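**Q** So that we are looking at the same thing, I have put the structure below in structure tokens.
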Amino acid sequence: MFESAELGHKVDKETFRVEEPKLRAALLETQEQLRENGSFPVIILISGVDGSGKGETINILYEWMDPRYLSTHAFYAPTTEERARPSMWRYWRALPPKGRVGIFSGSWYSHPIAERISNSLSRSDFDQRMDQLNRFEAMLVNEGALVLKFWIHLSKDAQRERLKSIEANPLTRWRVTKASWDRLKTYDKLQEVAGHLLRTTNTPWAPWIIVEGTDDRYRSLTVGRTILDSLQRRLAEKREQNSPVAPPLSPRVDSLDVLSSLDMSQSLNKKAYETELATWQGRLAELMRHPEFKKRALILAFEGSDAAGKGGAIRRVMSAMDARQYQIIPIAAPTEEERAQPYLWRFWRHMPRLGRVAIFDRTWFGRVLVERVEGFCSEADWLRAYSEINDFEHDIWRAGGIVIKFWLQISDEEQLKRFEERAQIEHKRFKITEEDWRNREKAGAYHTAVCDMVDRTSSGTAPWTIVESNDKLFARIKVLRTICERLEKELKVDPMKEARVLMPRAARAEALKEARTEGPPSAEHAQDAKAQKAKTLRVEKEKEAKDLKAAKAGEKARPAV
């Protein structure tokens with residue numbers, strides 16, 4: 001793997017003096033074309049052995065290119081803020097927009113390498129992490145990014161000599177620390193880990209470029225020319241960069257699916273709703289204050305048919321939480337800033353820290369719903385989005401996040417009724433638009449897209465909950481109950497034993513009477529009647545025992561004849 005980078009590559013001063021001006025001019029010209037083109041970003045990773053010249057390479061790129069359109073990010077040990085979020089969060093935030101160049105000194109590979117060298121990460125876990133990074137880079141490339149990965153190499157002897165040379169120069173002495181010499185002792189282990197990493201992450205879409213770092217001039221010209229050639233080829237390409245990475249959708253041979261099989265008649269009367277609402281909101285408030293929740297983050301994702309009641313359900317969830325603990329993120333059409341980044345960037349930026357809640361009103365599933373149906377993205381885009389979304393949610397879960405996803409479904413008849421009501425009520429008119437009416441004409445396409453979405457993105461760590469929402473009261477309770485039950489499971493706390501609050505006796509009797517008149521008693525009402533009967537028997541037994549005790553006391557007190 002490193003043989004070609006230990007041959008003693010060198011460039012003499014005269015050759016460098018001739019080649020440097022030409023390379024600088026070409027880089028500046030190409031960078032300007034990139035900025036004007038604005039169709040893709042460039043991501044440059046500079047990794048390698050300590051003392052190999054990574055910093056000097058970055059400095060010379062700033063000298064040769066227009067620094068106004070360059071950004072450099074150095075990643076060290078995660079900060080407190082970064083540790084409270086998924087590990088990839090800090091890299092997503094640093095991605096350059098289209099038309100710009102981002103240089104990463106240290107990258108998403110640095111931490112796994114350090115953990116593997118210290119044996120705090122097993123070989124199998126390391127391989128799994130590399131596989132995840134391969135998929136991450138594939139996503140970047142499919143989104144249009146040009147990813148260039150440089151590994152600057154030195155032999156062990158060359159590294160030792162270079163550290164001595166840097167330390168001997170008063171101007172550069174500060175760059176060599178005790179940690180630098182300590183890492184020289186682990187050189188063999190680094191080569192073993194790095195060799196394995198380069199083999200497993202050397203992909204066609206993001207290959208590694210290994211550069212010998214012994215000679216500064218050779219290293220600089222090699223990196224500069226590689227960047228120039230890659231940019232020129234990419235700017236000249238006219239073909240589509242995206243390619244499908246998901247199998248075609250299987251046809252349905254019958255009409256049964258996850259939406260058509262729903263029982264949309266489920267409902268809840270007002271009194272039962274108020275009781276259940278108080279119960280589950282109280283339970284959610286308790287779970288939010290539980291000590292274990294400080295180690296987790298909650299991400300609530302709400303999707304659904306137009307007028308299905310997402311806003312009402314979200315407000316009932318909000319009412320149970322401290323306003324300082326949650327953030328609501330409404331998702332609409334992407335802004336110019338968001339369109340200049342990979343699709344998932346605008347969702348990653350809102351990931352909550354541990355102990356906090358993010359509530360998404362519309363979500364990352366827009367790519368496989370509205371963008372798919374309306375043709376806002378290519379088939380390749382939404383086909384590969386399924387696996388990218390699954391990876392995204394798995395990253396959140398692995399970092400302690402709890403992802404709960406809701407699809408609120410209503411019938412076409414109920415939707416039409418609500419649309420007409422909204423058009424007549426002054427303070428609700430803003431909720432209904434021409435686009436909402438137009439979307440009804442594409443109900444079949446949306447139905448198919450929703451079923452595909454549930455089938456392909458409902459996982460063990462982030463399952464979908466489909467909510468029958470023809471009755472808003474029933475839907476709100478199902479949402480609250482689902483959140484509480486999932487939190488109980490994730491936090492490993494005992495589930496709530498009593499799923500209702502106590503009702504006043506008169507109200508309970510009235511509710512039971514009402515239930516009898518409405519039809520056969522439900523399981524809940526039967527349980528209430530059974531409990532009431534048991535209480536009555538218990539009171540009667542206690543009264544009989546008290547009377548018997550009083551009678552015996554009277555017998556003893558009676559004088560003998």
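**Q** Would you point out which residue out of 51, 38 is under 26 Å from residue 187 (Cα atoms), at pLDDT below 95 and open to solvent by 10 Å² or more (accessible area, probe 1.4 Å)? Before you say what the answer is, go through the steps one by one.
**A** Details: 38 fails: under 26 Å from residue 187 (Cα atoms).
Just one listed residue meets the conditions, 51.
**Q** Moving to a separate point now. Consider only pairs whose beta carbons are under 6 Å apart and that are at least six residues apart or on different chains; among these, list those whose first residue lies in the range 464-482 and is within 20 Å of residue 419 (Cα to Cα) and whose second residue is charged (D, E, K, R) and open to solvent by 30 Å² or more (accessible area, probe 1.4 Å).
**A** Cβ pairs passing all conditions: 467/478; 470/414; 476/316.
**Q** Starting from residues that are touching a Leu at 6+ places or on another chain (Cβ under 7 Å) and of a type outside the set (D, E, K, R), keep the ones in the range 282-293 and report whichever is most open to solvent (accessible area, probe 1.4 Å).
**A** Looking at the filtered set, the residue picked out is 290.
**Q** Are any of the residues in the range 272-281 more than 19 Å from residue 447 (Cβ to Cβ), open to solvent by less than 60 Å² (accessible area, probe 1.4 Å) and under 27 Å from the mean Cα position of the chain (by Cα)?
**A** Step one: list which residues in the range 272-281 are more than 19 Å from residue 447 (Cβ to Cβ), which gives 272-281.
Pick out the ones that are also open to solvent by less than 60 Å² (accessible area, probe 1.4 Å) and you get 272-273, 275-281.
In the following step, the residues that additionally are under 27 Å from the mean Cα position of the chain (by Cα) were identified as 280-281.
Checked against the condition, which is being more than 19 Å from residue 447 (Cβ to Cβ), open to solvent by less than 60 Å² (accessible area, probe 1.4 Å) and under 27 Å from the mean Cα position of the chain (by Cα), the range 272-281 yields at least one hit.
**Q** Of all helices (runs of 4 or more DSSP H) completely enclosed by the range 345-443, which ones contain at least 1 residues that are surrounded by fewer than 17 Cβ atoms within 10 Å (Cβ to Cβ)?
**A** Details: elements: 345-348, 370-374, 379-398, 412-424, 434-440.
Because the criterion is at least 1 residues that are surrounded by fewer than 17 Cβ atoms within 10 Å (Cβ to Cβ), the helices (runs of 4 or more DSSP H) in the range 345-443 that meet it are 370-374, 379-398, 412-424, 434-440.
**Q** Going residue by residue through the range 62-85, is there one that turns out to be among the hydrophobic types (A, V, I, L, M, F, W, C) and touching a Pro at 6+ places or on another chain (Cβ under 8 Å)? Full working, then the answer.
**A** So the first thing to find is which residues in the range 62-85 are among the hydrophobic types (A, V, I, L, M, F, W, C), and the list is 64-65, 70, 74-75, 77, 84.
Subset that is touching a Pro at 6+ places or on another chain (Cβ under 8 Å): none.
There is no residue in the range 62-85 that is among the hydrophobic types (A, V, I, L, M, F, W, C) and touching a Pro at 6+ places or on another chain (Cβ under 8 Å).
Residues are listed down the side, and each one gets a yes or a no for (1) closer than 18 Å to residue 463 by Cα; (2) among the charged types (D, E, K, R); (3) touching a strand residue (DSSP E or B) at 6+ places or on another chain (Cβ under 9 Å):
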residue: 324; (1), (2), (3): no, yes, no
residue: 333; (1), (2), (3): no, no, no
residue: 348; (1), (2), (3): no, no, no
residue: 358; (1), (2), (3): yes, no, yes
residue: 374; (1), (2), (3): no, yes, no
residue: 382; (1), (2), (3): no, no, no
residue: 385; (1), (2), (3): yes, no, no
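**Q** While we're here: Within the range 1-35, restricting attention to residues that are of a type in the set (A, V, I, L, M) and closer than 22 Å to residue 210 by Cα, which residue is surrounded by the fewest Cβ atoms within 10 Å (Cβ to Cβ)? Quick ask: steps written out before the conclusion?
**A** To start, the set of residues in the range 1-35 that are of a type in the set (A, V, I, L, M) comprises 1, 5, 7, 11, 18, 23, 25-28, 34.
Okay, now just the ones that are also closer than 22 Å to residue 210 by Cα, so 1, 5, 7, 11, 23, 27.
Working: 1: 16, 5: 22, 7: 9, 11: 17, 23: 17, 27: 19.
If we take residues in the range 1-35 being of a type in the set (A, V, I, L, M) and closer than 22 Å to residue 210 by Cα, then 7 is surrounded by the fewest Cβ atoms within 10 Å (Cβ to Cβ).
**Q** Scan the range 299-325 residue by residue and report those that are of a type in the set (Gly, Ala, Ser) and open to solvent by 50 Å² or more (accessible area, probe 1.4 Å). Working first, answer last.
**A** Kept after step one, since they are of a type in the set (Gly, Ala, Ser), are these residues of the range 299-325: 301, 304-305, 307-309, 311-313, 319-320, 323.
Selection gives 319, 323.
**Q** Still on this structure, please answer the following. So which residues in the range 60-97 are open to solvent by 40 Å² or more (accessible area, probe 1.4 Å), in contact (Cβ under 8 Å) with a residue 60 or more places away in the chain and more than 16 Å from the chain's Cα centre (by Cα), if there are any at all?
**A** 81, 97
**Q** I'd like to check which helices (runs of 4 or more DSSP H) are fully inside the range 67-153 and have at least 1 residues that are hydrophobic (A, V, I, L, M, F, W, C) and modelled with pLDDT of 95 or more. Break it down stepwise before answering.
**A** Numbers: elements: 80-83, 89-94, 110-117, 123-142.
The qualifying helices (runs of 4 or more DSSP H) are 89-94, 123-142.
**Q** Among (1) farther than 28 Å from residue 418 by Cα; (2) open to solvent by less than 50 Å² (accessible area, probe 1.4 Å); (3) over 15 Å from the mean Cα position of the chain (by Cα), where does residue 296 come up short?
**A** Going through the list (1) farther than 28 Å from residue 418 by Cα; (2) open to solvent by less than 50 Å² (accessible area, probe 1.4 Å); (3) over 15 Å from the mean Cα position of the chain (by Cα), residue 296 breaks only (3).
**Q** Sticking with this structure for a sec: Among the residues of the range 170-190, count how many are over 36 Å from the mean Cα position of the chain (by Cα), in contact (Cβ under 8 Å) with a residue 12 or more places away in the chain and not in a helix (DSSP H, G or I).
**A** 1
**Q** Sticking with this one: Show the residue pairs meeting these rules: Cβ distance below 7 Å; 6+ apart or different chains; first residue within the range 345-358 and more than 14 Å from residue 395 (Cα to Cα); second residue polar (S, T, N, Q).
**A** Taking only residues 6 or more apart or on different chains, the pairs are 356/325; 357/325; 358/327.
**Q** Checking residue 461 against (1) in contact with a helix residue (DSSP H, G or I) (Cβ under 8 Å, 6 or more places away or on another chain); (2) surrounded by fewer than 18 Cβ atoms within 10 Å (Cβ to Cβ); (3) under 21 Å from residue 255 (Cβ atoms), which single condition isn't satisfied?
**A** Status for residue 461: all satisfied but (3).
**Q** I want to confirm something. Restricting to the range 249-262 and keeping residues that are open to solvent by 80 Å² or more (accessible area, probe 1.4 Å) and of a type in the set (D, E, K, R), which single residue is modelled with the lowest pLDDT?
**A** Filtering the range 249-262 for residues open to solvent by 80 Å² or more (accessible area, probe 1.4 Å) gives 250-256.
Filter once more, so that each one left must be of a type in the set (D, E, K, R): 252, 254.
Working: 252: 67, 254: 74.
Among those that are open to solvent by 80 Å² or more (accessible area, probe 1.4 Å) and of a type in the set (D, E, K, R), it is 252.
**Q** Return yes when residue 211 is touching a His at 6+ places or on another chain (Cβ under 8 Å), in contact (Cβ under 8 Å) with a residue 60 or more places away in the chain and of a type in the set (Val, Ile, Thr) and no when it is not. Before you say what the answer is, go through the steps one by one.
**A** On the way: touching a His at 6+ places or on another chain (Cβ under 8 Å): yes; in contact (Cβ under 8 Å) with a residue 60 or more places away in the chain: yes; of a type in the set (Val, Ile, Thr): yes.
Spelling it out, residue 211 is indeed touching a His at 6+ places or on another chain (Cβ under 8 Å), in contact (Cβ under 8 Å) with a residue 60 or more places away in the chain and of a type in the set (Val, Ile, Thr).
**Q** In the range 94-113, which residue that is in contact with a helix residue (DSSP H, G or I) (Cβ under 9 Å, 6 or more places away or on another chain) and aliphatic (A, V, I, L, M) is nearest to residue 36 (Cα to Cα)?
**A** Checked the range 94-113; the qualifying residue nearest to residue 36 (Cα to Cα) is 101.
The values are calculated or read from the model by the stated rules, or taken from the named source; none is laboratory data. Nothing here was measured: the structure is a model prediction, and the numbers come from that model. A quick note on method: Cβ atoms are made from the backbone with ideal geometry, for glycine too, and the neighbour counts reach across all protein chains shown. Calculation scope for accessible area: heavy atoms of the full protein, side chains included, ligands and nucleic acids excluded. Shrake-Rupley method; radii C 1.70, N 1.55, O 1.52, S 1.80 Å.
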